[in-house]
Amino acid sequence: MIDFQLTEEQLALQRMAREFAEKEMKPVAAKYDRGEEFPWDVIKKAFEVGFLSSSIPEEYGGGGLSTLDTVIVSEELAAGCAGMFTSIMANSLALTPIILFGTEEQKKKFLTPFTKEMMLAAFCLTEREAGSDAGNVSTIAKKVGSEYVINGSKCFITNGGVANLYVVFANTAKEKGARGISAFIVPADTPGIKIGKIEDKMGHRASNTAEIFFEDVKVSAENLLGKEGMGFLIAMKTLDKARPSVGAAGVGVAKAALEYAIEYAKTRIQFGRPIASFQHIAFKLADMATEINAARHLVWHAAWLIDKGMKASKESAMAKAYASDVAMRVTVDALQIFGGYGYMKDFPMEKLMRDAKLLQIYEGTNEIQRLVISREIIGPLK
Ligand code: COS
């Protein structure tokens, strides 16, 4: 049975996220964007309302949100400010490996604190030479007695410079390639961790993106997630679950751009009438609304499949790629409707366009999403 009706709880969650975006994010979005400053006050409020721990199951004190609930929230938060959304949702991305693969002890020990105090987590997969080719990580974890010693570096890590906890992907058997990768829970105060460059980005400037160095970082073998060699699978399963949220962020950014464009087109008078009365503008708005709706359906479907426990790599990739491409197209078109004003920093359009761009790149470029989709639909070649 197909049912597109949100439950009362989901509608309440959507309202709450929308209000949070309107009241706490939008009014300060331009300030944090310009200063490229981490929005601690907004993040603190996000913790207080439960967004930082929303994906943690209820038995560990979290919000226990389903993937569908999460994409509903993501759309609203990203419409408020994509950079702040990224800072908030990075927690969910980094904690998912623990939620999916952690032992009972690991979940109690590492998830519960996130529900009690404001804490941030970071997912440490990407390296300088291992971006799209995630199986090529060269960070090494060597077993010494009852510990692992981690050496290497990670880059472009969201929340990297502000996190309390890292989930780090490192090679425990280099000769095995992707099958030699293991995942570790690493508290940020472990000796040997150094924060490198904080990136100066085009968009999502209210998020912290850092380089991290691991120099003889020792973690207990109890911090290994799953078994040795399971790291790549853990990363892929995590990304499958997280990518619909990036799609939802694309829907949110595009929705915000469309709302501004409609408002502007109705009030901007040229040639003696509102520009919305010109069919060229009206039809552009119609196309934008249609694409946003299509993107939302892909996102919700992928989330629904995940919640039903079905394999959703392809649908997740489709949702992420399509919705972020829509965000890019819509923000470019919405800015065009604003004409010269759209190009000015006094108006929100240029930020939305800059923010849309990253959604096509992070959590797997859209080329990687197309690789995932094409491999599945074409199957093995003879
Ligand atoms: N779920 C479960 N298993 C998966 C999987 C998935 N979604 N994707 C791959 N695997 C498994 C494969 O089945 C294969 O298993 P075996 O070794 O048992 O055969 C193994 O993982 C290796 O997979 P594959 O051969 O497909 O690896 P590739 O190196 O060719 O490519 C891609 C994998 C490109 C899809 C992967 O590297 C990727 O997603 N890259 C982008 C990384 C990314 O998103 N980075 C963003 C930074 S994190 S914010």
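The figures follow:
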quantity: Residue among Glu76, Glu9, Glu37 that is open to solvent by 30 Å² or more (accessible area, probe 1.4 Å) and in a helix (DSSP H, G or I); calculated: Glu9
quantity: For Ala188: the one exception among (1) more than 16 Å from the ligand (Cβ to nearest atom); (2) buried (at least 20 other Cβ atoms within 10 Å of the Cβ); calculated: (2)
quantity: Neighbours by Cβ (under 9 Å, 6+ apart or cross-chain): first from the stretch 135-162, closer than 22 Å to Leu95 by Cα; second among the hydroxyl-bearing types (Ser, Thr, Tyr) and more than 16 Å from the ligand (Cβ to nearest atom); calculated: Ala141/Tyr148; Glu147/Ser220; Tyr148/Ser220; Ile150/Thr190
quantity: Selection count where residues are of a type outside the set (A, V, I, L, M) and more than 15 Å from the chain's Cα centre (by Cα), scope the stretch 203-237; calculated: 15
quantity: Among residues of the stretch 97-126, those that are within 13 Å of the ligand (Cβ to nearest atom) and open to solvent by 10 Å² or more (accessible area, probe 1.4 Å), counted; calculated: 5
quantity: Which numbered condition Ile2 fails, given (1) part of a loop (DSSP other than H, G, I, E, B); (2) closer than 16 Å to Lys351 by Cβ; calculated: (2)
quantity: So Ser132, is it open to solvent by 10 Å² or more (accessible area, probe 1.4 Å) and within 16 Å of the ligand (Cβ to nearest atom); calculated: yes
quantity: Qualifying residue in the stretch 277-293 (condition: among the aliphatic types (A, V, I, L, M) and within 16 Å of the ligand (Cβ to nearest atom)); calculated: no
quantity: Tally, over the stretch 269-286, of residues that are in contact (Cβ under 8 Å) with a residue 24 or more places away in the chain and open to solvent by 30 Å² or more (accessible area, probe 1.4 Å); calculated: 1
quantity: Residue within the stretch 156-166 that is more than 23 Å from the chain's Cα centre (by Cα), at pLDDT 95 or above and either of a type outside the set (Val, Ile, Thr) or not assigned by TED's automatic domain parsing to the domain that holds Ile99 (or both) present; calculated: no
quantity: Residue that is farthest from Ala134 (Cα to Cα) [pool: residues in the stretch 210-245 that are of a type in the set (Ser, Thr, Tyr) and buried (at least 24 other Cβ atoms within 10 Å of the Cβ)]; calculated: Ser245
quantity: Residue match in the stretch 50-71 (condition: among the charged types (D, E, K, R), free of Cβ contacts under 8 Å to residues at least 12 places away in the same chain and not in a loop (DSSP other than H, G, I, E, B)); calculated: yes
quantity: Candidate set: the stretch 156-170, residues that are buried (at least 24 other Cβ atoms within 10 Å of the Cβ) and of a type in the set (S, T, N, Q); chosen: the one farthest from the ligand (Cβ to nearest atom); calculated: Asn159
quantity: Strands (runs of 3 or more DSSP E) contained in the stretch 160-228 and holding at least 1 residues under 14 Å from Thr139 (Cβ atoms) and aromatic (Phe, Trp, Tyr); calculated: 165-171, 181-187, 209-220
quantity: Scan of the stretch 351-382 for residues that are away from the ligand (no atom under 16 Å from the Cβ) and either surrounded by fewer than 18 Cβ atoms within 10 Å (Cβ to Cβ) or on the phi > 0 side of the Ramachandran plot (or both), ordered by number; calculated: Lys382
quantity: Candidates Gly203, Gly192, Gly180 - the one that is more than 30 Å from Leu352 (Cα to Cα), in contact (Cβ under 8 Å) with a residue 12 or more places away in the chain and in contact with a helix residue (DSSP H, G or I) (Cβ under 8 Å, 6 or more places away or on another chain); calculated: Gly180
quantity: Residue within the stretch 141-149 that is at negative phi, assigned to a strand (DSSP E or B) and either in the same structural domain as Asp240 (by TED's automatic domain parsing) or crowded, with 19+ Cβ neighbours inside 10 Å (or both) present; calculated: yes
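The values are calculated or read from the model by the stated rules, or taken from the named source; none is laboratory data. Fair warning: this is a prediction, and the values are worked out from it, not measured in the lab. We place every Cβ from the backbone using ideal geometry, glycine too, and count neighbours over all the protein chains shown. Protein only, heavy atoms only, side chains kept; ligands, DNA and RNA dropped before computing areas. Shrake-Rupley method; radii C 1.70, N 1.55, O 1.52, S 1.80 Å.
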